[in-house]
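The values are calculated or read from the model by the stated rules, or taken from the named source; none is laboratory data. Predicted, not measured: the structure shown is a model, and the values here were computed from it. Note that each Cβ is placed from the backbone with ideal geometry, even for glycine, and that neighbours are counted across all protein chains shown.
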Amino acid sequence: MPTLNSVQQLAELLTDHAKPVIRPQRLAPSPIYDLDYRMAVLALAIRIHGTAAADGSLRIDSARLKLLQFVAQRPVLMPVVTRWATKGASKESLLGSSQRLRYMGDGTFDHVVDFMIANGIVRWDGKYLAASSSNSYISSVLKASEETGMFASERAMLLELKSLRITNAMLEGQ
């Protein structure tokens, strides 16, 4: 009798005895489409990367915010972004990558920003998004996430992104 490798043995066991059971109540939806999750990541990005404006609000270029939140939610992309930033943000620096950055088409980001604007969390200030200094949502998300350990991966990615030089070419998807 020939020796079977472990994959073949597993296939035989599953063919003869296993019956798949799917329990939809145990399936978790992706957090990428969860409004609260997306708002929290945006709040963290604004708090970590935003700059103080003359009126005391935190401002961030909306294109920069779009890139930051996209990578923060997908830590596996960090090496790609690092390589992209260090090679001068040329399209050629992304050609050999199996993980292409397609953040420009992230329509969910636009909808979440619209929702946050409608709720007075952020406002447009030219090409920037600004969070009013009187609005506590941005600060409370950071404080709560640090106290509870939530969004540790996202915060780590956002802090790591601070060390990269993100150019206008990168923000334009080039």
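Some values worked out for this structure:
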item	result
Matching residues, segment 140-162, being touching a residue at least 60 places away in the same chain (Cβ under 8 Å) and either farther than 29 Å from ALA85 by Cα or of a type in the set (Val, Ile, Thr) (or both)	VAL141
Residue identified as exposed (fewer than 15 other Cβ atoms within 10 Å of the Cβ), in contact with a helix residue (DSSP H, G or I) (Cβ under 7 Å, 6 or more places away or on another chain) and modelled with pLDDT under 80 among LYS19, LYS91, LYS87	LYS87
Candidate set: segment 1-16, residues that are among the aliphatic types (A, V, I, L, M) and assigned to a loop (DSSP other than H, G, I, E, B); chosen: the one modelled with the highest pLDDT	LEU4
Filtered residues of segment 124-136 (kept if over 15 Å from LYS66 (Cα atoms) and modelled with pLDDT of 90 or more)	ASP125, GLY126, ALA131
Candidates PHE109, PHE151, filtered to the one that is under 18 Å from the mean Cα position of the chain (by Cα) and on the phi > 0 side of the Ramachandran plot	PHE151
Single residue of ALA40, ALA53, ALA45, ALA63 found to be touching a Lys or Arg at 6+ places or on another chain (Cβ under 6 Å) and closer than 30 Å to ASN168 by Cβ	ALA53
Selection count, segment 157-174, where residues are within 14 Å of ILE46 (Cα to Cα) and either in contact with a Pro (Cβ under 6 Å, 6 or more places away or on another chain) or in a helix (DSSP H, G or I) (or both)	4
Residue, surrounded by the fewest Cβ atoms within 10 Å (Cβ to Cβ), within segment 124-138, restricted to residues that are out of contact with any helix residue (DSSP H, G or I) (no Cβ under 6 Å at 6 or more places or on another chain) and assigned to a strand (DSSP E or B)	TRP124
Contacts under 7 angstrom Cβ, first residue in segment 38-52 being over 16 Å from ASP114 (Cα atoms), partner modelled with pLDDT under 95 and β-branched (Val, Ile, Thr), 6 or more apart	LEU44/VAL141; ARG47/ILE138
Whichever residue in segment 114-123 is in contact (Cβ under 8 Å) with a residue 40 or more places away in the chain and assigned to a loop (DSSP other than H, G, I, E, B) and, among such residues, is surrounded by the fewest Cβ atoms within 10 Å (Cβ to Cβ)	ILE121
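Conditions tested, residue by residue: (1) modelled with pLDDT of 95 or more; (2) surrounded by fewer than 21 Cβ atoms within 10 Å (Cβ to Cβ); (3) at negative phi; (4) not in a loop (DSSP other than H, G, I, E, B).
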position: ASP36; (1), (2), (3), (4): no, yes, yes, yes
position: ALA45; (1), (2), (3), (4): yes, no, yes, yes
position: ASP55; (1), (2), (3), (4): no, yes, yes, no
position: ILE60; (1), (2), (3), (4): yes, no, yes, yes
position: ALA63; (1), (2), (3), (4): no, yes, yes, yes
position: LEU68; (1), (2), (3), (4): no, no, yes, yes
position: VAL71; (1), (2), (3), (4): no, no, yes, yes
position: MET78; (1), (2), (3), (4): no, yes, yes, yes
position: THR82; (1), (2), (3), (4): no, yes, yes, yes
